[in-house]
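The values are calculated or read from the model by the stated rules, or taken from the named source; none is laboratory data. Source: prediction; values computed, not measured. Don't worry about glycine lacking a Cβ; one is built from the backbone with ideal geometry, like all the others, and counts go over all protein chains shown. Areas reflect the complete protein model, heavy atoms only, side chains present, ligands, DNA and RNA absent. Shrake-Rupley method; radii C 1.70, N 1.55, O 1.52, S 1.80 Å.
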Amino acid sequence: MSVPLLKIGVVLSTMAMITNWMSQTLPSLVGLNTTKLSAASGGTLDRSTGVLPTNPEESWQVYSSAQDSEGRCICTVVAPQQTMCSRDARTKQLRQLLEKVQNMSQSIEVLDRRTQRDLQYVEKMENQMKGLESKFKQVEESHKQHLARQFKAIKAKMDELRPLIPVLEEYKADAKLVLQFKEEVQNLTSVLNELQEEIGAYDYDELQSRVSNLEERLRACMQKLACGKLTGISDPVTIKTSGSRFGSWMTDPLAPEGDNRVWYMDGYHNNRFVREYKSMADFMNTDNFTSHRLPHPWSGTGQVVYNGSIYFNKFQSHIVIRFDLRTEAILRTRSLDYAGYNNMYHYAWGGHSDIDLMVDESGLWAVYATNQNAGNIVISKLDPVSLQILQTWNTSYPKRSAGEAFIICGTLYVTNGYSGGTKVHYAYQTNASTYEYIDIPFQNKYSHISMLDYNPKDRALYAWNNGHQTLYNVTLFHVIRSDEL
């Protein structure tokens with residue numbers, strides 16, 4: 001039963017009680033009991049005996065009776081008050097009834113106030129119950145959504161793990177390959193031991209051929225182990241804070257053992273001085289450096305040092321120059337035909353970054369854009385000696401939309417921006433001429449990246465971020481595909 005019906009029920013019940021009471025009381029008002037006079041009966045009354053009125057105000061009552069000398073009866077009667085009559089009695093009873101009705105009316109008012117108070121309490125409780133019901137529904141929906149999110153996360157994790165199954169199978173095959181290498185090495189060792197005992201009993205040319213073949217296959221296996229797919233980038237490590245907002249710094253991935261020199265180029269145009277620091281420690285802690293003057297100013301921040309030479313884009317041109325840092329002479333120049341320059345197809349941050357040179361495990365690369373490819377990124381593999389273009393790939397990614405880019409194991413990785421929140425979200429595989437959109441978080445600590453290059457020797461990314469020189473470690477997922485022996 002709802003609250004308004006409860007209130008109506010209480011009022012109707014009270015009215016029924018009043019009606020029942022009045023139906024029992026009013027008949028007595030219509031036929032009021034009349035008061036009879038008390039008369040003497042059966043003989044003479046004692047003169048000294050008196051009958052007091054039961055209610056002298058309402059009826060005639062005999063007070064006393066006697067006989068006079070003549071034998072007549074003399075009675076003393078108490079008469080009712082002159083102001084009272086049978087109608088007065090009814091009036092009094094009606095007044096009493098009115099008082100009772102007024103009392104009941106007051107009781108009803110008290111009851112009504114209590115009912116109103118109880119009604120307000122019930123309404124308050126009803127609102128609280130509704131609120132609790134709403135909260136229960138929200139908790140139930142939130143629980144369902146939480147379960148759905150957990151299910152989605154588990155499903156995504158399973159989707160990530162599913163591709164590992166064939167990779168594990170390939171690792172099994174690679175383990176067999178390593179065992180076979182081990183057996184061949186043992187066989188060759190056995191043959192060499194026998195040769196020491198019996199000179200001339202074995203064909204030296206055949207033996208040398210087997211050793212050379214095994215060496216080549218081992219090197220190929222090691223090269224495969226060095227490469228992989230980018231799966232993660234660490235938080236940055238700040239090496240130094242120096243220079244302007246834009247610039248580049250690097251080490252030589254093909255430098256011989258013990259050569260730890262750092263190369264430093266401040267600015268992105270109209271500058272031709274390259275600093276050489278003897279080691280990373282000198283670069284971090286001192287300002288002791290040797291300065292090299294280039295024959296032409298560079299353009300952008302896409303320079304690289306590779307095998308003792310610095311490769312850079314000549315300012316306001318699409319010419320790439322190879323400059324020997326030991327002899328300080330130009331070894332080779334080459335034009336990248338149709339490549340945009342002079343801020344025609346730069347990265348999103350600008351800075352004459354039209355032509356970006358980079359290196360990976362396989363050699364030297366150039367990343368740029370052309371009108372023929374509608375301003376989208378073009379990747380060219382260069383011969384590091386002659387600067388001749390060996391192969392070119394046209395992508396569908398607009399170069400002006402790219403924040404920065406770098407190459408690892410023949411795959412070009414592109415960031416979605418250069419300031420604020422940044423991630424690596426595009427990858428183009430040159431070995432398969434395919435691309436995919438990825439989502440690898442990338443912490444942009446100082447909010448303005450103007451240079452990002454990979455060093456295959458250090459397995460790290462070098463970055464220039466708003467006047468800070470930083471390093472990022474990378475995580476590569478190795479996929480080994482063994483060829484038939």
inquiry  = Regarding the range 316-337, can at least one residue be identified that is over 44 Å from the mean Cα position of the chain (by Cα), surrounded by fewer than 18 Cβ atoms within 10 Å (Cβ to Cβ) and on the phi > 0 side of the Ramachandran plot?
reply    = yes
request  = Give the number of residues within the range 293-321 that are in contact (Cβ under 8 Å) with a residue 40 or more places away in the chain and closer than 22 Å to residue 369 by Cβ.
outcome  = 12
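Based on what the data block shows, is residue 241 open to solvent by 50 Å² or more (accessible area, probe 1.4 Å), among the β-branched types (Val, Ile, Thr) and in contact (Cβ under 8 Å) with a residue 24 or more places away in the chain? Don't jump to the end; show me each part of the working.
Details: open to solvent by 50 Å² or more (accessible area, probe 1.4 Å): yes; among the β-branched types (Val, Ile, Thr): yes; in contact (Cβ under 8 Å) with a residue 24 or more places away in the chain: yes.
Answer is yes for this residue.
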query = Restricting to the range 371-386, what's the tally of residues that are of a type in the set (Val, Ile, Thr) and open to solvent by 10 Å² or more (accessible area, probe 1.4 Å)?
reply = 1
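Do we find that residue 413 is touching a Phe, Trp or Tyr at 6+ places or on another chain (Cβ under 6 Å), at pLDDT 95 or above and part of a strand (DSSP E or B) in this structure?
Working: touching a Phe, Trp or Tyr at 6+ places or on another chain (Cβ under 6 Å): yes; at pLDDT 95 or above: yes; part of a strand (DSSP E or B): yes.
Against the criterion (touching a Phe, Trp or Tyr at 6+ places or on another chain (Cβ under 6 Å), at pLDDT 95 or above and part of a strand (DSSP E or B)), residue 413 qualifies.
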inquiry  = With the structure loaded, tell me whether residue 311 is farther than 28 Å from residue 410 by Cα, open to solvent by less than 10 Å² (accessible area, probe 1.4 Å) and over 41 Å from the mean Cα position of the chain (by Cα) or whether it fails that test.
reply    = no
ask   = Applying the selection to the range 112-135, what residues are hydrophobic (A, V, I, L, M, F, W, C) and at pLDDT 80 or above?
value = 125, 129, 132
